Every structure is written in C-alpha cells, then in structure tokens.
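Participant: My questions all concern the structure below.
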Amino acid sequence: MADEVPFDMAACLARVRQGDDGASRDLVEELWPLVIKIIRSHLPRRMGEEDLAQEIFLKVFSRMDQYREREGKPFPHWVSRVAVTTCLDALRAEKRRPEWRFADLGGEEAHWLEYMTAAQSDESPTDGLAARELMTKLLQTLSPDDRLVINLLDVEQRSVQEIADLTGWGASKVKVKAFRARKKLRNAAEQMNAEGKL
Amino acid sequence: MKDFEDKWHEATEVARQVEPAPIPEPPHGFAGRIVARAKEFEQSMPGWFIAFERFLFRFAGGVALAVVIAGGLQLSDYLAPPSLVPTVEHTVVERFLLL
C-alpha cells in the first residue's frame with residue numbers, strides 16, 4: 001500500500017491565492033471533515049448539514065485575506081472559528097427552541113434523567129446512546145450561547161482558552177457563561193423530571 | 001454524594017464512548033460548486049468597491065474616535081468650576097446692550 005502524502009496546507013493556500021481552482025477544490029475537500037464535525041456538534045434543528053457547510057466555505061473564501069499566517073494560528077483553526085461563529089449565528093436565527101417533555105424521553109433517557117436529578121446516588125446508567133440523546137435534548141433547551149459553551153467545554157472537552165479563541169469571547173466571559181449555563185441545565189433537568197412525576 | 005454537575009460529567013463521559021457516526025465524503029461536485037460560487041461572488045464585488053469598503057470602515061472608526069474625544073473634552077469643560085473672569089461672549093453681549 002502506498003504511503004499517503006501529507007497535505008501541504010501552506011502550498012495549497014498560496015495556490016488558492018493565485019486563483020488556482022484545483023487548489024481551492026482540494027482545500028474544500030481537505031477541510032470538509034473538520035467543518036462537518038463542527039456542524040454536527042452545533043447543528044440548528046431546521047438546517048441541513050450541506051447548506052451550513054456551503055455557507056461556511058463561502059465565508060472562508062470571501063474572508064481569506066483576513067487570515068494571517070504570521071499570527072501563528074494554523075489555517076484549520078481559523079476555519080474552525082468561522083464554522084463555530086456561523087453555527088452560532090444560525091442557532092440565534094432559530095425562532096423557537098424545542099420544548100422537550102418527560103414523555104418525549106425513551107426508557108433509558110428517563111433513567112439517566114432520574115439519576116442526574118436524584119438526591120441519592122443510585123447506580124449510574126450505562127447506556128451511552130441514551131446519555132447522548134438526553135444531553136442533546138437538555139442542551140436544546142438552552143440559549144444558543146449557553147448551548148455552544150457547554151457543548152464545547154463539557155461535550156467536546158475544549159479548554160477555556162480554546163473556546164475563547166473560537167468564539168472571540170474573553171476567558172472570564174466563557175467561565176461565567178459556563179457557570180450560568182450549567183445552572184440553567186440543572187433547572188431544565190429538574191423541571192423535566194418533576195413533570196414525569198406528576 | 002454526587003451532585004448534578006458530577007452526574008452530568010459522568011453522562012458526557014459515557015456518551016463520549018459511543019462511536020460517532022462516520023463522516024461522509026462531500027457530495028459529488030460540492031467542492032466545484034463552492035469554488036464557482038466563491039468566484040461569482042468575488043467578481044460581483046469590484047476591486048474598487050472592496051477598497052472603498054475598507055476606507056469607509058477606517059473613516060467610521062476615525063469619526064467614532066473623534067466623537068469620543070470631543071465628548072470627553074465637553075464633559076471636562078462641564079465639570080470644571082466656572083471661571084470668575086467674564087468670557088469674551090459676555091463682554092460682547094454687555095457692550096451690545098449698552099448701545
């Protein structure tokens with residue numbers, strides 16, 4: 001099997017700036033997995049992955065002159081920032097947030113919710129898929145900014161500094177937002193669980 | 001005893017162990033479409049327009065700065081104790097009234 005040649009980002013960018021269409025296509029294909037991964041973690045409900053990816057790539061090409069290599073940030077990092085802010089704008093544009101009820105939860109999701117909100121620590125559930133589904137539903141009850149910060153911090157395990165770089169917020173703003181968002185998350189979980197007991 | 005935050009982190013840990021859905025290849029012709037649309041956009045914005053837009057941004061920044069400085073000076077004038085020496089305007093008005 002032949003060894004894969006590593007993608008030379010700097011050379012590709014230089015060719016893109018000279019107007020080379022082939023290099024531009026290569027760049028899109030190289031960055032596609034990164035962009036799709038970000039979209040999947042923050043996707044607004046009524047928007048298709050492909051539409052959002054198209055919007056992100058068009059922004060990347062139209063703002064290419066704003067990227068400065070000498071600032072030391074790799075190009076994929078700059079693209080991640082464009083992708084995260086585009087997702088945040090799309091989330092903010094959503095008119096309504098979903099209202100999940102206890103009755104909407106599957107059996108294992110309800111088990112996770114009861115475990116999370118119980119005062120006593122029972123044996124923890126183990127169904128990862130159900131945990132993920134419940135987390136998605138709880139996160140959807142938060143505002144776009146809160147949802148983004150919890151997703152990046154707790155779900156993707158990014159550092160505060162990384163989130164500050166991605167969003168353009170200061171580190172202290174990220175910490176304050178995360179603290180408040182977790183509180184709201186807890187309230188949402190407790191409210192949902194209380195509904196189930198009525 | 002574990003609180004909500006500990007249990008939330010436990011749930012995220014368990015959820016992370018689930019294999020994520022594989023990332024599909026970009027749709028056929030996607031990259032070509034993006035490049036064509038990006039070019040279309042670039043051609044619809046002539047070079048002079050981009051230069052003018054940049055100039056406009058800098059000009060707006062300069063105006064905002066001038067407004068802040070002027071506001072600051074105005075405020076310092078307002079806060080300063082009134083001078084005992086009559087201002088030029090006063091003397092002119094007084095002379096006019098004497099006529």
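The values are calculated or read from the model by the stated rules, or taken from the named source; none is laboratory data. Values in this document were obtained by computation on a predicted structure and should not be read as measured data. Every residue, glycine as well, gets a Cβ built from its backbone with ideal geometry; the counts of neighbours run over all protein chains shown. Heads up: the accessible areas ignore ligands, DNA and RNA and are worked out on the full protein's heavy atoms, side chains in. Shrake-Rupley method; radii C 1.70, N 1.55, O 1.52, S 1.80 Å.
Participant: Which three lengths, in whole Å and largest first, does the stretch A:155-198 cover when its Cα atoms are put on their principal axes?
Facilitator: Largest to smallest, the principal-axis extents are 44, 18, 11 Å.
Participant: What is the mean number of Cβ atoms from other protein chains located within 10 Å of the Cβ atom of each residue in peptide A:49-55, rounded to a whole number? Intermediate results must be reported in sequence, preceding the final value.
Facilitator: Numbers: counts 3, 3, 0, 0, 4, 5, 0.
That works out to 2 on average.
Participant: Using a 1.4 Å probe and ignoring any ligands, DNA or RNA, find the accessible area of B:LYS39 and quote it in Å² to the nearest 10.
Facilitator: The accessible area of B:LYS39 comes to roughly 80 Å².
Participant: Right, here's the next one. Whole-Hz Karplus ³J(HN,Hα) for the stretch A:106-112, in order, using 6.51 cos²θ - 1.76 cosθ + 1.60 and θ = phi - 60°, x for Gly and Pro?
Facilitator: x, x, 6, 5, 5, 4, 4
Participant: Right, here's the next one. Helix-derived [θ] at 222 nm for chain A: sum -39500 (n - 2.57) over DSSP H runs of at least 4, divide by residue count, nearest 500? Don't skip to the end; give the middle numbers.
Facilitator: Working: 9 runs with 130 residues, N = 198.
That comes out to -21500 deg cm²/dmol.
Participant: Keeping all protein chains in place and using 1.4 angstrom, which order do B:TRP8, A:TRP169, B:TRP48 fall into by accessible surface area, from largest down?
Facilitator: B:TRP48, A:TRP169, B:TRP8
Participant: So how far apart, in nm, are the two label points at B:VAL67 and A:LEU34 if each is 7 Å from Cα heading toward Cβ?
Facilitator: Calculated label separation equals 3.8 nm.
Participant: Tell me the carbon and sulfur percent of the accessible area for the stretch A:98-198, rounded to whole percent, probe radius 1.4 Å. Display every interim value, and only then the final one.
Facilitator: Values: 2430 of 5030 Å².
Reported share for carbon and sulfur atoms: 48 percent.
Participant: Next up: Please report the accessible area of A:PHE61 (heavy atoms, 1.4 Å probe, ligands and nucleic acids excluded) in Å², nearest 10.
Facilitator: Rounded to the nearest 10, that gives 30 Å².
Participant: What total accessible area, in Å², is buried where chains A and B meet, using a 1.4 Å probe and rounding to the nearest 100? Numbers along the way, then the final one.
Facilitator: Values: alone 12330 and 10110 Å², together 19050 Å².
That pair of chains buries around 3400 Å² in total.
Participant: If you plug each phi of the stretch B:10-17 into the Karplus form 6.51 cos²θ - 1.76 cosθ + 1.60 with θ = phi - 60°, what whole-Hz ³J(HN,Hα) values come out, in order, with x for Gly and Pro?
Facilitator: These are the phi-based 3J(HN,Hα) values: 5, 5, 5, 5, 5, 5, 5, 6 Hz.
Participant: Separate question: Using a probe radius of 1.4 Å on heavy atoms only, what accessible surface per residue do you get for the stretch A:35-104? Whole Å² is fine. Before the final figure, lay out each step's value.
Facilitator: Numbers: 3970 Å² over 70 residues.
Normalised by residue count, the accessible surface of the stretch A:35-104 is 57 Å².
Participant: OK, next. Which whole number gives the average count of other chain Cβ atoms within 10 Å of the Cβ atoms across peptide A:24-30?
Facilitator: Details: counts 7, 8, 1, 3, 8, 5, 1.
Partner-chain Cβ atoms within 10 Å, mean over residues of A:24-30: 5.
Participant: Can you give me the three principal axis dimensions of the protein assembly as shown from its C-alpha atoms, in Å, biggest first?
Facilitator: 97, 58, 33
Participant: Once amide H atoms are placed 1.01 Å from N in the peptide plane, what residues at a sequence separation of 5 or more from A:GLY106, or on another chain, have their amide H within under 5 Å of its amide H?
Facilitator: Residues meeting the amide H criterion: none.
Participant: From the phi angles alone, apply the Karplus equation (6.51, -1.76, 1.60; θ = phi - 60°) to the stretch B:21-37 and give each ³J(HN,Hα) in whole Hz, x where the residue is Gly or Pro.
Facilitator: For the stretch B:21-37, the Karplus curve yields 4, x, 7, x, 5, x, x, 4, x, 4, 4, x, 5, 4, 4, 5, 5 Hz.
Participant: Turning to a different aspect of this structure: Could you run the Debye sum over the Cα atoms of the stretch A:1-96, one equal point scatterer each and no solvent, and tell me log10 of I(q)/I(0) at q = 0.13 Å⁻¹, two decimals?
Facilitator: -0.49
Participant: When the chain is fully extended, how far beyond the present Cα-Cα distance does A:SER143 get from A:ALA14, taking 0.36 nm per residue of separation? Don't skip to the answer; put the middle values down first.
Facilitator: Details: separation 129, 0.36 × 129 = 46.44 nm, distance 3.96 nm.
Computed gain between A:SER143 and A:ALA14 is 42.5 nm.
Participant: Starting from the Cα of A:LYS177, draw a straight line to each of the aspartates and glutamates and keep only those under 19 Å, dropping any in the same chain fewer than 8 residues away.
Facilitator: A:ASP89, A:ASP145, A:ASP146, A:ASP154, A:GLU156, A:GLU162, A:ASP165, B:GLU5, B:ASP6
Participant: Now for a separate question. Using the Kirkwood radius over C-alpha pairs as Rh, can you work out the diffusion coefficient of the stretch A:98-198 via Stokes-Einstein at 37 °C, viscosity 0.692 mPa s, in µm² per second?
Facilitator: Details: Rh = 14.3 Å.
The Stokes-Einstein estimate is 229 µm²/s.
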